[in-house]
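First the structure, in the form of structure tokens, and then the observations on it.
Just so it is clear, none of the values below were taken in a lab; they were calculated from the coordinates. Fair warning: this is a prediction, and the values are worked out from it, not measured in the lab. Reconstructed Cβ throughout: ideal geometry from the backbone, glycine too, with neighbour counts over all protein chains shown.
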2 protein chains.
Amino acid sequence: MGITSRKEREKEEMRRLILDAALRLFREKGFDGVSIRNIAEAIEYSPATIYLYYKDKSEIFFALQFEAAALKRDHLLPAAAFEDPWQRLIEFGRRYIDFGMKHPDLYDLLFIIRSPMESIENQDCWKLGIATHAFFVETVQACVDARYFKSTDTETIAYTLWCHAHGLVSLFIRERMRMYPEEKRAELAMRSFDMIVKMAESL
Amino acid sequence: MGITSRKEREKEEMRRLILDAALRLFREKGFDGVSIRNIAEAIEYSPATIYLYYKDKSEIFFALQFEAAALKRDHLLPAAAFEDPWQRLIEFGRRYIDFGMKHPDLYDLLFIIRSPMESIENQDCWKLGIATHAFFVETVQACVDARYFKSTDTETIAYTLWCHAHGLVSLFIRERMRMYPEEKRAELAMRSFDMIVKMAESL
DNA sequence: CAAATTTAATGAACAGTGTTCAGTGCGCAA
DNA sequence: TTGCGCACTGAACACTGTTCATTAAATTTG
């Protein structure tokens, strides 16, 4: 069965080729700025060929979103090493924000872009994101169990912290902090993170 | 001077006609979903005519953003009636979130869409947004002056509260709360608002 | 090995997009 | 009434995502 397995492998290589080019272009020009023709040109194939490997543009979008979700998971994973749930939670938050700041394009893909959100539940990228979110909620639950907060409403605590972190990153990467001088923005974000940590301590 | 002033008026009426159609279409189909041809068809003119009144699509974008900013200001304004700065701040936050939930399309336009953010500083819409933001920061400052917080770092307090509110609204309207059942989402958002208020009290 | 069949790749096309520009025809001033 | 200016437009350009018949090459079959 050497031939079928080779064909399988070649098909996989082609998908990688497309995805790598797409991700690279996307990071350069943003998601909307990249066309199927751009990707085709980058890999030196005709636009029609792309459609032999991905049903349409949104399938490429989902595949990229999966890559981004995996990268994000890997970025957050080291936080799990902290024994103390409260330290784990702080590290998780710090790494979440750090990921967003370092990879605005990927963060965009994961949390901001609208695109084809309808059928997202069935997609691998979403399942991976859910798993990471679950880890976050579990960490909050561990803090609740260890009586780090007065409140025991894990769901709302987790959601509130997430809102702050997401708001912080997305205001930053979507250029809505222009009322602050550029060199002060990152510092303000850091101060705000410290503040929400302090606020959470007295929760 | 009857003729020139009439012409002036007619020009203004035409711009209104375009903008009203654009805003209506935009609220129906989202910003990316509306084309110049759609707008032209809606007002029964040729696409080329649009370009006699707006330089390009991004100028229509700015004009719409200004409308949205004005609507948002009007939505938030009643908060100013509260004498007590802390009550004023709470009301401001509540109304901010309410605006985002009720007008996701406009909120999108103001705080999420990337589009032509480069030259935004010179645009009226931005100036209006800055003014509303300034009112928010002043309210926080009034709370600080009245010793409602232990912290005196007005800038960081204001920014932290904004991050939370923006994160809350944008996770909601960009469909990133799908891990929560639909009927629970708005309620969770409200609980989170109450929680950040409580957190801020002990700030 | 040759013929038949499957399969990868493509060029051309369709309907859509933002935008430009050479006209066209009407209102107004002289 | 003539002529100028101006609001308006049809047609075009270069782009977009996507489809499909056709070509060419690889593989299977006789």
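When chain A is modelled as a GNM with alpha-carbon springs shorter than 10 Å, which of A:TYR159, A:TYR54, A:TYR180 fluctuates the most? Looking only at A:TYR159, A:TYR54, A:TYR180, the biggest GNM fluctuation is shown by A:TYR180.
For B:ARG24, the point set 7 Å out from Cα toward Cβ sits 4.8 nm from its twins in the other copies, listed from shortest up. Shielding value for B:106-114 is 3, the average number of Cβ atoms from other chains within 10 Å of each residue's Cβ. Relative to the longest principal axis of chain A, what angle (0 to 90°, nearest 10) does the C-alpha long axis of helix A:57-76 take? Once rounded, one gets 40 degrees. Electrostatic bookkeeping for B:ALA48 treats Lys and Arg as +1 and Asp and Glu as -1; over the other residues with beta carbon under 14 Å from its beta carbon, the sum is 0.
Residue and whole-Å distance for the chain A Cβ lying nearest the axis of the A-onto-B rotation are A:GLY167, 1.
Think of segment A:1-158 as having a plus end and a minus end, set by charges on the Cβ of Lys, Arg, Asp and Glu; of A:GLY33, A:PRO47, A:HIS75, A:PRO47 sits farthest toward the positive end of this dipole. Here the protein assembly as shown is treated with +1 on each Lys and Arg Cβ and -1 on each Asp and Glu Cβ, and its dipole about the Cα centre works out to around 320 debye. Computed from the Kirkwood radius of its Cα pairs, the Stokes-Einstein diffusion coefficient for chain B at 37 °C and 0.692 mPa s stands at 173 µm²/s. Restricting segment B:97-201 to GluC sites (Glu not before Pro) that sit in a DSSP loop and have at most 16 other Cβ atoms within 10 Å of their own Cβ leaves B:GLU118, B:GLU175. Net charge dipole, segment A:79-163: roughly 220 debye, given to the nearest 20, about the Cα centre with Cβ charges of +1 for Lys and Arg and -1 for Asp and Glu. Which of rounded, prolate or oblate describes the protein assembly as shown when judged by the alpha-carbon gyration tensor and an a/c cut-off of 1.5? Since a/c reaches 1.5 but b/c is at least a/b, the shape of the protein assembly as shown is classed as oblate. Hey, for a label at A:SER202 modelled as a point 7 Å past Cα toward Cβ, could you say which residues of segment A:139-160 have their backbone N under 15 Å away? Under cut-off, by backbone N: A:149-151. Each stretch of four or more DSSP H residues adds -39500 (n - 2.57); spread over every residue of chain B, this sum gives -24500 deg cm²/dmol at 222 nm.
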